[in-house]
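Below is one structure, written out as structure tokens; the observations come after it.
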Amino acid sequence: MKRLLLGLLLATPVFAMAQGTQVNTQNQKIVGMAGAGSALFIDEASMVYSPGALAKMEHNAVQVGATGIMFRSAFQEAGSSNGYNTRFQISPPFAAYATFGPKGAFWKAGLAVYTPFGGAVDWGNDWPGRYELNDLSLRAIYIQPTVSFKLTEQFSIGGGFIYNVGSVDLSRSIPAFHPDGRPSTAQLSGTGTGTGYNLGVHYHLEDQFALSISYRSKVITRLDNGSAQFDVPQTLAPNFPNTAFAAELPLPSSLNLGITFPVGERVNMAIDGSILNYSIYQQLAFEYETDLIPNTVSEKNYENAYSGRVGINYQASNRLALRTGVGYIRTPVRAGYVYPETPDNDRFVAALGLTYDITPKWELNASYAFQHTLPRTTTNVSTGLRGRYETYIHAPGVSLSYKW
């Protein structure tokens with residue numbers, strides 16, 4: 001029985017890559033338009049959103065930025081009036097870029113380091129789902145060298161190689177107690193790597209229309225030496241051995257289309273749509289180093305997801321640009337497979353942003369995005385936990401660029 005309990009404990013989905021862990025904050029200009037603008041903005045972050053546009057930059061630059069994602073989720077168990085909320089914390093995904101190339105050349109190269117997946121959530125150890133999750137910190141950092149070429153003045157292509165470094169750290173309760181009343185806990189952590197690529201094309205008509213198409217491949221991240229550590233009463237310690245584990249974590253591919261066009265003398269509209277291939281995430285398998293714990297498989301059965309976003313960019317003056325946008329994101333998570341690390345559902349996004357040219361060489365960007373994940377009442381097919389989730393996300397961000 002104790003061996004079965006341990007197997008079930010480790011089989012639960014600690015690395016679910018739901019829409020809730022996707023981070024679309026690599027460019028504060030695009031964040032300020034709720035994720036639209038991949039065809040409109042040609043700058044260092046084009047390495048992520050539109051690699052084909054990079055060659056059209058008229059200068060070189062470096063940029064650093066970060067976003068303070070504040071994730072707040074609530075849960076109410078079915079049949080109960082008690083509510084539970086995640087504890088306040090800030091997850092800071094970052095992005096850094098550097099570009100180089102001769103002035104007027106038909107090519108440009110660069111390096112991007114950014115965080116497309118990540119997050120942090122802390123439910124504490126006194127809620128109905130504590131045997132699934134207490135807290136989680138997750139991050140995938142992509143390192144992407146990129147090169148782009150202008151084939152004509154209007155048409156350019158680009159691509160980059162992706163090397164991912166992923167990490168996860170989580171804890172959950174175990175239904176056993178120490179003599180002093182403390183709950184037993186399991187702490188799981190690990191790091192892994194994976195590879196992929198990012199491709200894109202960009203086409204524009206002078207001051208009228210621009211189109212961007214990009215494809216970012218899936219990245220299968222392999223964790224080979226994950227660590228599972230247990231804090232249990234001494235009498236149970238032989239049944240809960242500290243051990244290592246291995247797992248493959250699929251990060252989905254995405255196909256992105258962006259269109260932009262003027263709607264006034266100083267106003268441009270951008271429309272972006274994406275399809276994310278989350279259907280690759282059908283199950284999560286664990287391989288354990290010790291024979292005391294059987295290898296396990298957890299079913300996921302994710303669907304593909306999609307999003308649509310619309311934004312407006314207003315050039316208020318030669319030095320100041322203002323922007324806003326809205327978006328809709330369709331979840332890949334089926335109703336019976338919602339877990340507390342990413343209690344996902346369809347969501348709406350609204351955002352504001354600005355760019356201020358401090359000097360001809362220094363540029364400041366700031367943004368704020370708000371996401372509301374719609375309420376969802378569901379029963380998990382694996383754990384039987386039934387209740388209502390609802391999530392709000394606040395995400396202010398800032399970046400600074402130096403151009404030459």
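What are the pairs with Cβ atoms under 6 angstrom where one residue, in the stretch 127-154, is farther than 21 Å from PHE94 by Cβ and the other, located anywhere, is among the charged types (D, E, K, R) and not in a strand (DSSP E or B)? Sequence gap at least six, or different chains.
Every condition considered, the pairs that remain are LEU133/GLU341.
Let's see how each residue does on (1) at pLDDT below 90; (2) farther than 20 Å from PRO252 by Cα; (3) not small (Gly, Ala, Ser):
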position	(1), (2), (3)
VAL121	yes, yes, yes
ARG139	yes, no, yes
PHE155	no, yes, yes
GLY160	no, no, no
SER167	yes, no, no
ILE174	yes, yes, yes
THR191	no, no, yes
GLY194	no, no, no
TYR197	no, no, yes
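Out of the stretch 45-69, which residues are surrounded by 15 or more Cβ atoms within 10 Å (Cβ to Cβ) and either of a type in the set (Asp, Glu) or part of a strand (DSSP E or B) (or both)?
Selection gives ALA61, VAL62, GLN63, VAL64, GLY65, ALA66, THR67, ILE69.
Looking only at the stretch 285-315, filter to residues that are under 21 Å from the mean Cα position of the chain (by Cα) and of a type in the set (Phe, Trp, Tyr); which one of those is nearest to PRO262 (Cα to Cα)?
So in the stretch 285-315, the residues under 21 Å from the mean Cα position of the chain (by Cα) come out as 300-311.
Now restrict to residues that are of a type in the set (Phe, Trp, Tyr): 302, 306.
Working: TYR302: 38, TYR306: 25 Å.
Across the stretch 285-315, the extreme among qualifying residues is TYR306.
Go through SER401, SER298 for me and flag whichever is crowded, with 18+ Cβ neighbours inside 10 Å and in contact with a Leu (Cβ under 7 Å, 6 or more places away or on another chain).
Working: SER401 fails: in contact with a Leu (Cβ under 7 Å, 6 or more places away or on another chain).
Checking each option against the conditions leaves just SER298.
Per-residue answers, yes or no, for (1) over 24 Å from ASN27 (Cα atoms); (2) hydrophobic (A, V, I, L, M, F, W, C):
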position	(1), (2)
THR67	no, no
SER91	no, no
ALA98	no, yes
ALA105	yes, yes
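Considering only the stretch 330-372, how many residues are among the β-branched types (Val, Ile, Thr), in contact with a strand residue (DSSP E or B) (Cβ under 9 Å, 6 or more places away or on another chain) and either at pLDDT 95 or above or surrounded by fewer than 19 Cβ atoms within 10 Å (Cβ to Cβ) (or both)? Give the steps one after another, and end with the answer.
Going through the stretch 330-372, the residues among the β-branched types (Val, Ile, Thr) turn out to be 331, 333, 338, 342, 349, 355, 358-359.
Add one more test, that the residue is in contact with a strand residue (DSSP E or B) (Cβ under 9 Å, 6 or more places away or on another chain), and what stays is 331, 333, 338, 342, 349, 355, 358.
Adding the requirement that they be either at pLDDT 95 or above or surrounded by fewer than 19 Cβ atoms within 10 Å (Cβ to Cβ) (or both) leaves 349, 355, 358.
Count: 3.
Among what's in the stretch 70-90 and is of a type in the set (A, V, I, L, M, F, W, C) and farther than 22 Å from PRO116 by Cβ, pick the residue that is surrounded by the most Cβ atoms within 10 Å (Cβ to Cβ).
Applying the first criterion (of a type in the set (A, V, I, L, M, F, W, C)) to the stretch 70-90 yields 70-71, 74-75, 78, 88, 90.
Within this subset, residues satisfying the condition of being farther than 22 Å from PRO116 by Cβ are 74-75, 78, 88.
Working: ALA74: 16, PHE75: 21, ALA78: 12, PHE88: 9.
Among them, the one singled out is PHE75.
Being modelled with pLDDT of 90 or more and either loosely packed, with under 15 Cβ neighbours inside 10 Å or over 29 Å from TYR142 (Cα atoms) (or both): is that true of VAL263 here? Don't jump to the end; show me each part of the working.
Values: modelled with pLDDT of 90 or more: yes; either loosely packed, with under 15 Cβ neighbours inside 10 Å or over 29 Å from TYR142 (Cα atoms) (or both): yes.
Judged against the criteria, VAL263 is a match.
Can you work out which of the residues in the stretch 1-50 that are modelled with pLDDT under 80 and hydroxyl-bearing (Ser, Thr, Tyr) is farthest from SER382 (Cα to Cα)?
Filtering the stretch 1-50 for residues modelled with pLDDT under 80 gives 1-23.
Still in the list and also hydroxyl-bearing (Ser, Thr, Tyr): 12, 21.
Working: THR12: 8, THR21: 21 Å.
Here the residue is THR21.
Given the criteria among the basic types (Lys, Arg), part of a strand (DSSP E or B) and over 22 Å from ASN365 (Cα atoms), does ARG72 qualify? Reasoning before the result, please.
On the way: among the basic types (Lys, Arg): yes; part of a strand (DSSP E or B): yes; over 22 Å from ASN365 (Cα atoms): yes.
Against the criterion (among the basic types (Lys, Arg), part of a strand (DSSP E or B) and over 22 Å from ASN365 (Cα atoms)), ARG72 qualifies.
So ASN256 passes all but one of these: (1) surrounded by fewer than 18 Cβ atoms within 10 Å (Cβ to Cβ); (2) touching an Asp or Glu at 6+ places or on another chain (Cβ under 9 Å); (3) closer than 30 Å to GLU206 by Cα; (4) not charged (D, E, K, R). Which condition number does it fail?
(1)
Looking at (1) modelled with pLDDT of 90 or more; (2) at negative phi, which one does GLY101 not meet, given that it meets all the others?
(2)
What's the number of the condition ALA228 fails, among (1) buried (at least 21 other Cβ atoms within 10 Å of the Cβ); (2) in a loop (DSSP other than H, G, I, E, B)?
(2)
Are there any pairs, at least 6 apart or on different chains, whose C-beta atoms fall under 6 Å, with the first in the stretch 236-252 and surrounded by fewer than 20 Cβ atoms within 10 Å (Cβ to Cβ) and the second part of a strand (DSSP E or B) and β-branched (Val, Ile, Thr), and if so, which?
Cβ pairs passing all conditions: GLU248/ILE220.
Starting from the stretch 52-77, take each residue that is closer than 27 Å to HIS204 by Cα and in contact (Cβ under 8 Å) with a residue 24 or more places away in the chain and list its partners that are in a loop (DSSP other than H, G, I, E, B) and β-branched (Val, Ile, Thr), counting only C-beta distances under 7 angstrom and pairs at least six apart or across chains.
ALA53/ILE42; LYS56/ILE42; MET57/ILE42
Is one or more of the residues making up the stretch 68-86 among the charged types (D, E, K, R) and either at pLDDT 95 or above or more than 30 Å from PRO241 (Cα to Cα) (or both)?
Residues of the stretch 68-86 among the charged types (D, E, K, R): 72, 77.
Retained after the next criterion (residues that are either at pLDDT 95 or above or more than 30 Å from PRO241 (Cα to Cα) (or both)): 72, 77.
There is at least one residue in the stretch 68-86 that is among the charged types (D, E, K, R) and either at pLDDT 95 or above or more than 30 Å from PRO241 (Cα to Cα) (or both).
Can you pull out the residues in the stretch 279-313 that are acidic (Asp, Glu), without any contact (Cβ under 8 Å) to a residue 60 or more places away in the chain and touching a Ser or Thr at 6+ places or on another chain (Cβ under 8 Å)?
Taking the stretch 279-313 first, the residues acidic (Asp, Glu) are 287, 289, 291, 299, 303.
If we keep only those that are without any contact (Cβ under 8 Å) to a residue 60 or more places away in the chain too, we end up with 287, 289, 291, 303.
Answer for the stretch 279-313, where residues must be acidic (Asp, Glu), without any contact (Cβ under 8 Å) to a residue 60 or more places away in the chain and touching a Ser or Thr at 6+ places or on another chain (Cβ under 8 Å): GLU289, GLU303.
Only residues that are farther than 30 Å from GLU77 by Cβ, buried (at least 20 other Cβ atoms within 10 Å of the Cβ) and of a type in the set (A, V, I, L, M, F, W, C): list them for the stretch 318-329, please.
ALA321 - this is the single residue of the stretch 318-329 that is farther than 30 Å from GLU77 by Cβ, buried (at least 20 other Cβ atoms within 10 Å of the Cβ) and of a type in the set (A, V, I, L, M, F, W, C).
Restricting attention to strands (runs of 3 or more DSSP E) lying wholly within the stretch 316-404, give those where 2 or more residues are within 19 Å of the chain's Cα centre (by Cα) and aromatic (Phe, Trp, Tyr). So that I can check it myself, show each step before the final result.
On the way: elements: 320-330, 347-357, 362-379, 386-403.
Answer list for the stretch 316-404: 362-379.
The values are calculated or read from the model by the stated rules, or taken from the named source; none is laboratory data. Keep in mind the model is a prediction, meaning the values are calculated, not measured. Every residue, glycine as well, gets a Cβ built from its backbone with ideal geometry; the counts of neighbours run over all protein chains shown.
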